[in-house]
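Engineer: Dropping a structure here in structure tokens format, bear with me for questions.
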Amino acid sequence: MRREDLADADCGIAQALGVLGDWWTFLIVRDVAGGTTRFDALQRELGVSRRALAERLAALVEHGVLERRSYSRHPPRYDYLLTARGEGLLPVLIALQDWGTRHLMGDGELTATADADSAEARRTHHLVGRRLPEVALPGADGRPVALATMDTWAVLYLFPGAYAPGTPGYPPGWAEIPGARGCTLESSTYAKRHSDFAAAGVRVHGISTQRPDQLADFAAYAGLPFPLLSDQDGRLAAGLLLPVFRAGGATRFKRLTLLVDPAAVVRAVQFPVTDPAGSVQEMLTLARAHARVPG
């Protein structure tokens, strides 16, 4: 009898665990979301036996979490990609990461930042050399922007949340969450230095988990000359295992910044960001050095 046959037929948690009741299965979904989609690469990253990996991949395909897409006919080889059902698991992965970081690796306190020597900071800095996942994030106008195909140097600054005055926004207690404040200051500083980034051949994008309409209101209020993008579905957060926290019933980014090259590979990381305004000049210096533009 299979595990799912033993599950409570009326309980969604039991049914889900019938499909995902194995920790290797969660890690497979995690790595596929991050762009590791081929059997040999998954086996190398996870260190699981080939037989165990094959069994779990087959089960995930059977349950519609993954789909196989051929990239070689002789010999037959496949990419394993998330389906719409599989993408529905991304908030679960993000919630698990947040819970583990806060309650198992941390002291349980709610924070929008991290210690510089923490495991969370080390994991984030290990993004250097990683390619961005194939995700498209909607802008404030609703049109998607494919981050992995921008073909230019880019600064992606990720922020917890910023709202235009007079619009529903900051949850109660926002100012008391360490690291949460400063998003408007950070964005306005990037706006002031936008011409300097442009002269260095570097695009600037702000990213948060807010809805596109909220970002549109804030961008208009702040007069931002660059686009804001929404990761409200968690595709980028899950793909890169980015630091997050929960506030006001929503998952939000901890403040961090990525410098990405024209091949969509991360070349520098700022995290934690403790000085939202000062970090902009630091990133401009990094961008000029990496893009080899004198400044």
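The values are calculated or read from the model by the stated rules, or taken from the named source; none is laboratory data. These numbers were taken from a predicted model, which means no experiment stands behind them. Reconstructed Cβ throughout: ideal geometry from the backbone, glycine too, with neighbour counts over all protein chains shown. With ligands, DNA and RNA removed, areas are computed over all heavy atoms of the protein, side chains included. Shrake-Rupley method; radii C 1.70, N 1.55, O 1.52, S 1.80 Å.
Conditions tested, residue by residue: (1) over 30 Å from G108 (Cβ atoms); (2) modelled with pLDDT of 95 or more.
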{"residue": "D217", "(1), (2)": "yes, yes"}
{"residue": "A222", "(1), (2)": "yes, yes"}
{"residue": "D231", "(1), (2)": "no, yes"}
{"residue": "L241", "(1), (2)": "no, no"}
{"residue": "G248", "(1), (2)": "no, no"}
{"residue": "A263", "(1), (2)": "yes, yes"}
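Engineer: Mind checking whether some residue in the stretch 123-137 is outside any strand (DSSP E or B), among the β-branched types (V, I, T) and closer than 30 Å to A222 by Cα?
Structural biologist: Taking the stretch 123-137 and keeping what is outside any strand (DSSP E or B), we get 123-130, 132-135.
Narrowing further to those that are among the β-branched types (V, I, T): 124, 128, 135.
The next check asks that each one be closer than 30 Å to A222 by Cα; those that pass are 124, 135.
Checked against the condition, which is being outside any strand (DSSP E or B), among the β-branched types (V, I, T) and closer than 30 Å to A222 by Cα, the stretch 123-137 yields at least one hit.
Engineer: If you don't mind, another one. Mind listing just one residue for me: the one in the stretch 278-292 that is open to solvent by 50 Å² or more (accessible area, probe 1.4 Å) and out of contact with any Lys or Arg (no Cβ under 9 Å at 6 or more places or on another chain) and, of those, modelled with the lowest pLDDT? I'd like the intermediate steps shown before the answer.
Structural biologist: So the first thing to find is which residues in the stretch 278-292 are open to solvent by 50 Å² or more (accessible area, probe 1.4 Å), and the list is 281-282, 285-286, 288-290, 292.
Narrowing the set further to residues that are out of contact with any Lys or Arg (no Cβ under 9 Å at 6 or more places or on another chain) leaves 282, 285, 288-289, 292.
Working: E282: 97, T285: 97, R288: 95, A289: 94, R292: 75.
Ranking the qualifying residues of the stretch 278-292, first place goes to R292.
Engineer: Every residue in the stretch 221-246 that is open to solvent by 10 Å² or more (accessible area, probe 1.4 Å) and either in contact with a Phe, Trp or Tyr (Cβ under 8 Å, 6 or more places away or on another chain) or on the phi < 0 side of the Ramachandran plot (or both), please. Steps first, answer last, please.
Structural biologist: Taking the stretch 221-246 as the starting set, the residues that turn out to be open to solvent by 10 Å² or more (accessible area, probe 1.4 Å) are 221-227, 232-233, 235, 241, 246.
Hits for the stretch 221-246 are Y221, A222, L224, P225, F226, P227, Q232, D233, R235, R246.
Engineer: Please work out if L57 is more than 23 Å from R252 (Cβ to Cβ), open to solvent by less than 30 Å² (accessible area, probe 1.4 Å), in contact with a Leu (Cβ under 9 Å, 6 or more places away or on another chain) and part of a helix (DSSP H, G or I). Outline the logic, then answer.
Structural biologist: Details: more than 23 Å from R252 (Cβ to Cβ): yes; open to solvent by less than 30 Å² (accessible area, probe 1.4 Å): yes; in contact with a Leu (Cβ under 9 Å, 6 or more places away or on another chain): yes; part of a helix (DSSP H, G or I): yes.
Yes, satisfied.
Engineer: Moving on to the next point. If the Cβ limit is 6 Å and pairs must be 6+ apart or interchain, which residue in the stretch 138-149 that is over 14 Å from H205 (Cα atoms) pairs with which residue that is at pLDDT 95 or above?
Structural biologist: Sorted first by the residue in the stretch 138-149, then by its partner, the pairs are G142/P212.
Engineer: Count, please, the residues in the stretch 153-176 that happen to be in contact with a strand residue (DSSP E or B) (Cβ under 6 Å, 6 or more places away or on another chain), open to solvent by less than 30 Å² (accessible area, probe 1.4 Å) and farther than 19 Å from P212 by Cα. Before you say what the answer is, go through the steps one by one.
Structural biologist: First pass over the stretch 153-176, keeping only residues in contact with a strand residue (DSSP E or B) (Cβ under 6 Å, 6 or more places away or on another chain): 153-161, 171.
Next, only the ones that are open to solvent by less than 30 Å² (accessible area, probe 1.4 Å) stay: 154-161, 171.
Remaining after also requiring farther than 19 Å from P212 by Cα: 154-155.
Final tally of qualifying residues: 2.
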